[in-house]
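What follows is a single structure, written as structure tokens, with notes after it.
The values are calculated or read from the model by the stated rules, or taken from the named source; none is laboratory data. Here the structure is a predicted model, which means the values were calculated and not measured. Cβ: placed from backbone, ideal geometry, glycine included. Neighbour counts: every protein chain shown. Calculation scope for accessible area: heavy atoms of the full protein, side chains included, ligands and nucleic acids excluded. Shrake-Rupley method; radii C 1.70, N 1.55, O 1.52, S 1.80 Å.
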Amino acid sequence: MPNSLLQAYSNLPDSSDPAQRVSFGTSGHRGTSTAGSFNEAHIAAIVQAVVDYRRDAGITGPLFLGRDTHALSLPAWETTLEVLVGNGVAVVIATDDEVLATPVISHAILRHNAASETPRADGLIITPSHNPPEDGGIKYNPPHGGPAGAEITGWLERRANDYLEAQDRGEQLQGIKRMPLEPALAHVREQDLIGHYVATLGEVVDMAAIQASGLRLGADPMGGTALPIWQRVAEHYGLNLEVVNTRVDASFAFMPPDHDGKIRMDCSSPAAMANLLAIRERFDLAFGNDPDADRHGIVDAGGLMNPNHYLAVAIDYLLGHRSRWARELKIGKTLVSSSLIDRVVADHGRELYEVPVGFKWFVDGLHQGWLAFGGEESAGASLLTRQGAPWSTDKDGIALCLLAAEIMAVTGQPPGERYAELTARHGAPHYRRIDSPCSAEQKAAFKQLTAESVGATTLAGDPIEQVMTQAPGNEAAIGGLKVTTANGWFAARPSGTEALYKLYAESFQGEAHLDALITDAQALLETAL
């Protein structure tokens, strides 16, 4: 499989085909070379667009460049390097040609930019995250260190497609500057970015408590960038930590199939985490990470924690054990994350910051220091340091895994046990997501929904309390709607890449009530659309 991917990488895409154009989703541009959606021309065009954006934005500092272990990541990294150096950009890479995780890049950007006298830095990460082995991806993190927002990605997408269209006119990517790889490598600067990240983890997690606990810890990098990090964490802190899988294989042949039979390095999926779950009795606590280490999977004696459950546990613990966090700091969640989080935050007398789907909505708050924690339902989160300063403005799967170890070290309880206590106090949520077919006309109709579009007054037997088309935290458009009652809610929004819509629902009254809630939600949407 990797050979065919690498051979197809040099194929020229057809910019008149929408499927072969540059398209930035919530996590950059993704695709595969054999389908003409992730090829050398795409990467050259995107990176030249980033260079153009940097020039217009006055970003003159170094660009931190990282990659993960997918087959297409190395050739895309090489293309990126050639274009950056060809344009005179100062590039920083990891020492010894190490792969680099997303949180390490974000942390490095913030550390560099904290010194106000230095020119601002930014970063590029070559990764499709947890996507299947045949996929490639590239994402841009501007000087705030987190994922670029829609205004920037929209500009980059348009600019990159202009370059692709010039190629189709026979201009051969005119305007894209490149330097051949070998001389380009002589211009890059190496830094021990992983070493610095590991050495400073004590700023965000109580590493001393973990050291003293003697907890038996296991870590599965799932063939990705977390491997060198976990190895260094174990050595630097002297932890009783075993890296259970040190294999790096671009085909990810060691991975068990996900629920749909595909290979997917999703650390929130019990099917994909089967290897670690099979040996969990060897550890007090074990972790998994996706290939760019921006997601976390937490395994204790009860198995793999649902990401929503762990977010609630982490927030509850942090609000009780971060005495230097100012009380006015907010706690961020996406509007499709569990409402148990709402109840936990309210119980601590703190303010909730609820935003649309996408980690990008947390970046400014984490960067500016008024958001203590930002987490989303798909096992991605980051947080401020123990002193209340920015740590990583992108998702940090390593820090969230180590936080689970801190929780157990300090409280003596595994995260699953603490979750049971939370549900005893606040109620047990039952949560489900359903994907349903959705036409182009229906997708357009989602954007036109208003509170008045909902004709019903009840949902699963309960009075409707609120209908939202904007997130309450930042008033940004949901792209769909969310309907809440005293005992549950549903939210629906169209997919940005597939002909379907996603329905999220949660009940605090059990599975039967959840079924009724979903049935009513689908009927409501059928009428509204």
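Can you list residue pairs whose Cβ atoms sit under 6 Å apart, with the first residue in segment 1-26 being more than 27 Å from P147 (Cβ to Cβ) and the second being open to solvent by 40 Å² or more (accessible area, probe 1.4 Å) and in a helix (DSSP H, G or I)? Count only pairs 6 or more apart in sequence or on different chains. Correct list of pairs: A8/T34; S10/E40. In summary, helices (runs of 4 or more DSSP H) completely within segment 1-113 and bearing 3 or more residues that are open to solvent by 50 Å² or more (accessible area, probe 1.4 Å) occur at 2-8, 40-57.
When you scan segment 143-154, do you find a residue that is outside any loop (DSSP other than H, G, I, E, B), within 19 Å of G31 (Cα to Cα) and among the acidic types (D, E), even just one? Within segment 143-154 (the criterion being outside any loop (DSSP other than H, G, I, E, B), within 19 Å of G31 (Cα to Cα) and among the acidic types (D, E)), the answer is no, since none of the residues qualifies.
Say whether the condition of being within 25 Å of L72 (Cβ to Cβ), in contact with a Ser or Thr (Cβ under 9 Å, 6 or more places away or on another chain) and basic (K, R) is met by at least one residue in segment 159-178. Within segment 159-178, one or more residues are within 25 Å of L72 (Cβ to Cβ), in contact with a Ser or Thr (Cβ under 9 Å, 6 or more places away or on another chain) and basic (K, R). Could you list, in sequence order, all residues of segment 41-58 that are touching a Ser or Thr at 6+ places or on another chain (Cβ under 7 Å) and either small (G, A, S) or on the phi > 0 side of the Ramachandran plot (or both)? Residue satisfying the conditions is A44 alone. Within segment 10-46, the set of residues being of a type in the set (A, V, I, L, M) and farther than 12 Å from L72 by Cα comprises L12, A19, V22, A35, A41, A44, A45, I46. Here the strands (runs of 3 or more DSSP E) wholly within segment 329-441 that include at least 3 residues being over 30 Å from A234 (Cβ atoms) and touching a helix residue (DSSP H, G or I) at 6+ places or on another chain (Cβ under 8 Å) are 330-334, 351-355, 430-437.
Only one entry in S37, S10, S15 is farther than 17 Å from L124 by Cβ, modelled with pLDDT under 95 and of a type in the set (S, T, N, Q), namely S15. Just one of the numbered conditions (1) in contact with a Gly (Cβ under 6 Å, 6 or more places away or on another chain); (2) in a strand (DSSP E or B) is not true of L517: (2). For R159, the requirement of being surrounded by 18 or more Cβ atoms within 10 Å (Cβ to Cβ) and closer than 25 Å to A41 by Cβ is met.
Scanning segment 355-366 for residues that are surrounded by 18 or more Cβ atoms within 10 Å (Cβ to Cβ) and more than 13 Å from G380 (Cα to Cα) yields a total of 4. Residues in segment 483-517 that are buried (at least 20 other Cβ atoms within 10 Å of the Cβ), of a type in the set (A, V, I, L, M) and more than 22 Å from the chain's Cα centre (by Cα): V483, L514, L517. Screening segment 441-458 for residues that are among the aliphatic types (A, V, I, L, M), open to solvent by less than 30 Å² (accessible area, probe 1.4 Å) and within 29 Å of the chain's Cα centre (by Cα) and picking the one that is farthest from A505 (Cα to Cα) gives A445.
When every residue of segment 293-311 is checked against the conditions, at least one turns out to be in a strand (DSSP E or B), charged (D, E, K, R), over 20 Å from K482 (Cβ atoms) and more than 19 Å from the chain's Cα centre (by Cα).
The set of residues in segment 379-415 being surrounded by fewer than 24 Cβ atoms within 10 Å (Cβ to Cβ) and among the polar types (S, T, N, Q) consists of T385, Q387, T411, Q413.
Okay, residues lined up against (1) at pLDDT 95 or above; (2) more than 26 Å from L277 (Cβ to Cβ); (3) among the polar types (S, T, N, Q):
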| residue | (1), (2), (3) |
| --- | --- |
| V313 | yes, no, no |
| R322 | yes, yes, no |
| L329 | yes, yes, no |
| K333 | yes, yes, no |
| S338 | yes, no, yes |
| H348 | yes, yes, no |
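Here D266, D258 are screened, and the one residue that is modelled with pLDDT under 95, within 22 Å of the chain's Cα centre (by Cα) and not basic (K, R) is D258.
Identify, please: which residue in segment 459-479 is part of a strand (DSSP E or B) and either without any contact (Cβ under 8 Å) to a residue 12 or more places away in the chain or in contact with a Phe, Trp or Tyr (Cβ under 8 Å, 6 or more places away or on another chain) (or both) and is, among those, surrounded by the most Cβ atoms within 10 Å (Cβ to Cβ)? That would be L459.
In segment 184-203, the count of residues that are within 21 Å of D394 (Cβ to Cβ), in a strand (DSSP E or B) and aromatic (F, W, Y) is zero. Here L335, L352 are screened, and the one residue that is touching a residue at least 60 places away in the same chain (Cβ under 8 Å), surrounded by fewer than 23 Cβ atoms within 10 Å (Cβ to Cβ) and closer than 27 Å to G25 by Cα is L352.
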